[in-house]
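Shown next, in structure tokens, is the structure this report addresses.
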Amino acid sequence: MAQLDNLYREIIMEHFKNPRNKGLLTDGPYRKYRFKNPSCGDDITIQTKTEANRVSDCRHEGSGCSICCASASILTEMMIGRDVDEAKTIAETFVAMVKNEPYDETIDLGEAEAFQGVRMFPARTKCATIAWLAFLETIKPEGDTNE
Ligand code: ZN
């Protein structure tokens, strides 16, 4: 169990130090959504491009703690190339897992499973979930989240 914790910690620190898909693009059309977590100082923007009901690109920008930044990096890596409905299911499953709510454990969350332990620390739940909640806003069918 302790080894598992170490593996998860390594995944989080690796993404924090070497974030994937960081930096917003200016050539659209994209939808983006910004989420802040004042209790920790996290400030994350997620930008998503969808084409033919598929996530063709997903980027993140902002600053925050290691949990927040690593979860944004892992999110973008997991979502690119996914069907929008599948991406929505994965994001909702991740949020439920971190919040310690019932979720479908047969859904493969890949590296995002590294955040399982966050449920033990309710104060950090928001750190792990804001990127995913912002992502869900960017793929909502209605509305316009472009600034
Ligand atoms: Zn945080």
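Comparing N53, G28, A123 along the charge dipole axis of the chain, the residue lying farthest to the positive side is A123, per the Cβ-charge model. Surface calculation, 1.4 Å probe, protein heavy atoms: D104 sits at approximately 80 Å² accessible. Between R9 and L24, the contour length at 0.36 nm per residue exceeds the alpha carbon distance by 2.7 nm.
Mind pulling up the Rg/Rh value for the chain? Radius of gyration and Kirkwood radius, both on Cα. Each step should come with its number before you reach the end.
Details: Rg = 14.3 Å, Rh = 15.1 Å.
Dividing the radius of gyration by the Kirkwood radius yields 0.95.
How much length would be gained if the chain were fully extended between E137 and R54, taking 0.36 nm per residue of separation minus their Cα-Cα distance, in nm to one decimal? Could you put the intermediate results ahead of the total?
Working: separation 83, 0.36 × 83 = 29.88 nm, distance 1.52 nm.
Between E137 and R54, full extension yields an extra 28.4 nm.
For the chain, with all protein chains in place and a probe radius of 1.4 Å, 50% of the accessible heavy-atom surface sits on carbon or sulfur.
Expressed as a rounded percentage, what relative contact order does the chain have, with Cα pairs under 8 Å and six or more residues apart? Show your work: numbers first, answer last.
On the way: 259 pairs, mean separation 42.9, N = 147.
Reported as a whole number, the value is 29 percent.
Note on surface exposure: L136, L24, L7 rank L7, L24, L136 by accessible area, highest first, 1.4 Å probe. For the chain, the Cys residues with no second cysteine's beta carbon closer than 4.7 Å are C40, C58, C65, C69. Per-residue packing, averaged as other Cβ atoms within 10 Å, sorts the ranges 27-33, 95-101, 71-77 into the order 71-77, 95-101, 27-33, beginning with the highest.
The H on the amide N of R54, modeled in the peptide plane, is under 5 Å from the matching H of V84, each at least 5 residues off or on a different chain. Taking the inverse of the mean reciprocal distance over all distinct Cα pairs, the Kirkwood hydrodynamic radius of region 67-110 comes to 10.9 Å.
Would you compute, from DSSP H runs of 4+ residues alone, the mean residue ellipticity of the chain at 222 nm, taking -39500 (n - 2.57) per run and dividing by the full residue count, rounded to the nearest 500? Don't skip to the answer; put the middle values down first.
Working: 4 runs with 59 residues, N = 147.
So the helix-based figure for the chain works out to -13000 deg cm²/dmol.
The values are calculated or read from the model by the stated rules, or taken from the named source; none is laboratory data. Just so you know, these numbers come straight off a predicted model, no measurement behind them. Here Cβ is always computed from backbone atoms with ideal geometry, including for glycine, and neighbour counts include all displayed protein chains. The area values use the complete protein model at the heavy-atom level, side chains included, leaving out ligands, DNA and RNA. Shrake-Rupley method; radii C 1.70, N 1.55, O 1.52, S 1.80 Å.
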